[in-house]
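For reference, the structure is listed below as structure tokens.
Bear in mind that the values in this text are calculations on the coordinates, not laboratory data. Keep in mind that what you see is a predicted model, and the values were worked out from it rather than measured. Using ideal geometry, Cβ is built from the backbone for each residue, glycine included, and neighbour counts are taken over all protein chains shown.
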Amino acid sequence: MMKTMEKTYLNLLPQKTVDYVQKLLGSHDDLQVVVSKARLTKWGDFTKEGDHYVISVNENLNPYQFLITLLHEYAHYLVYKKYGPGTKPHGQEWKQTFSKILYDLMDSNLLPETLVEALKNYAKNPRAAITTDLKLKAVLNELSYSESGNPLTIAHLNDGDKFLFHGRIFERREKRRKLYRCLDIKRNKYYLFQPDVVVKKI
């Protein structure tokens, strides 16, 4: 049901890619894209609801993060339709499908060169989480924060510093190997953060 795509959804994409995405997804009458509130554990997901399919993508992503996440979930949709529900979520069928989607996007000349270079390597063997590819993750962060200077990350903070992340207040505690242990103040619960996660100090 791509015809139900709202203007707010279109505005979350990089402007140059709007027509491309509409053409790519617009022929699927059984597919709906919705914008979700920020989620700590994922950027997007794909589900089957009755006789139609739903892709959700977090509203707090920058335009290029939103685009790549949307296409990640779109690959799940194509795999489900072609191979059925028994297929591994991020198996070879998904990898091949998502890889082709990414190479087609790179050939469209709609992306910044720095992102194309990062995607070339990632597309060879796409992983379940975009953030596991540190080069791609760094480029996506740069595209988000390039206008405001270097982004502030967890690694820049000191133990005891408080920061805002996805609308929630955390306090950085000790470093455990490569990750930082941080306390969610309101929930009194600990989470592990990668050092390059971008935050706002408070």
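From the cross-link list Lys48/Lys88; Lys120/Lys189; Lys48/Lys135, which pairs have alpha carbons spaced over 26 Å apart?
Too far apart for the 26 Å limit: Lys120/Lys189; Lys48/Lys135.
What is the calculated FRET efficiency for Glu113 to Leu10, with r their C-beta to C-beta distance and R₀ = 25 Å, to the nearest 0.05?
Between Glu113 and Leu10 the formula returns 0.55.
Show that you can apply the helix-only estimate: for the chain, add -39,500 (n - 2.57) for every DSSP H stretch of four or more residues, divide by all residues, and state [θ] at 222 nm to the nearest 500.
Here the helix-only value at 222 nm equals -10500 deg cm²/dmol.
Quick one: angle between helix 113-122 and the longest Cα principal axis of the chain, in degrees between 0 and 90, rounded to 10, please.
Roughly 80 degrees, rounded to the nearest 10.
Tell me, what HN-Hα J-couplings in whole Hz come from the Karplus equation 6.51 cos²θ - 1.76 cosθ + 1.60 at θ = phi - 60° for each residue of segment 37-46, using x for Gly and Pro?
5, 4, 10, 6, 8, 7, 8, x, 7, 10
Short version: ³J(HN,Hα) in whole Hz for each residue of segment 96-105, in order, from phi by Karplus 6.51 cos²θ - 1.76 cosθ + 1.60 (θ = phi - 60°), x for Gly and Pro, what are they?
Going residue by residue, I get 5, 5, 5, 4, 5, 4, 5, 5, 5, 5 Hz, with x marking Gly and Pro.
Please identify the longest segment of the chain free of exposed trypsin sites (Lys or Arg not before Pro), where exposed means a DSSP state other than H, G, I, E or B and no more than 11 other Cβ atoms within 10 Å. Could you put the intermediate results ahead of the total?
Details: sites that count: Lys37, Lys124, Arg177, Lys178, Lys186, Arg187.
The answer is 38-123.
So what is the relative contact order of the chain, in percent, for Cα pairs below 8 Å that sit 6 or more residues apart?
That works out to 12 percent.
Given points 7 Å out from each Cα along the Cα-Cβ axis, report the Lys120 to Thr132 separation in nanometres with one decimal.
The answer from the label model is 2.4 nm.
Provide the gained length on full extension for the span Lys200 to Arg39, in nm with one decimal, where the gain is 0.36 nm per separating residue minus the Cα-Cα distance.
56.3 nm
Please compute the contact order of segment 154-201 in relative form: average sequence separation of alpha-carbon pairs under 8 Å and at least six residues apart, divided by the residue count, as a percent.
Contact order relative to length: 36 percent.
Scan around Gln32 for amide H atoms under 5 Å from its own, H built in the peptide plane at 1.01 Å from N, and keep only partners 5 or more places away or cross-chain.
Those qualifying (amide H under 5 Å, at least 5 residues apart or on another chain) are Tyr53, Val54, Ile55.
Consider the candidate values (i) 51, 30, 28; (ii) 51, 38, 34; (iii) 43, 35, 30; state which one is Cα extents along the principal axes in Å computed from the structure displayed.
Given (i) 51, 30, 28; (ii) 51, 38, 34; (iii) 43, 35, 30, the structure-derived one carries the label (ii).
What does the extension gain come out to for Glu171 and Lys81, with contour length at 0.36 nm per residue minus their alpha carbon separation?
Full-extension gain reported as 28.0 nm.
By DSSP, what percent of the beta bridges with both residues in segment 2-148 are antiparallel, rounded to the nearest 5? Don't skip to the end; give the middle numbers.
Details: 6 of 12 bridges.
Expressed as a percentage, antiparallel bridges in segment 2-148 total about 50.
Spelling out what I want: for every residue of segment 179-192, take phi, set θ = phi - 60°, compute 6.51 cos²θ - 1.76 cosθ + 1.60 (Karplus), and round to whole Hz; glycine and proline get x.
10, 9, 8, 10, 9, 6, 4, 5, 8, 6, 9, 9, 9, 9
Just want to confirm a number: the relative contact order over segment 4-110, from Cα pairs under 8 angstrom separated by 6+ residues, in percent.
Working: 108 pairs, mean separation 23.7, N = 107.
22 percent.
Give me the distance in nm between label points sitting 7 Å out from Cα along the Cα-to-Cβ direction at Tyr20 and Asn62, one decimal.
1.7
At 7 Å along the Cα-to-beta-carbon direction for both Tyr190 and Thr47, put a label point, then send me their distance in nm to one decimal.
Each label point is offset 7 Å from its Cα along the Cβ direction, giving 3.1 nm.
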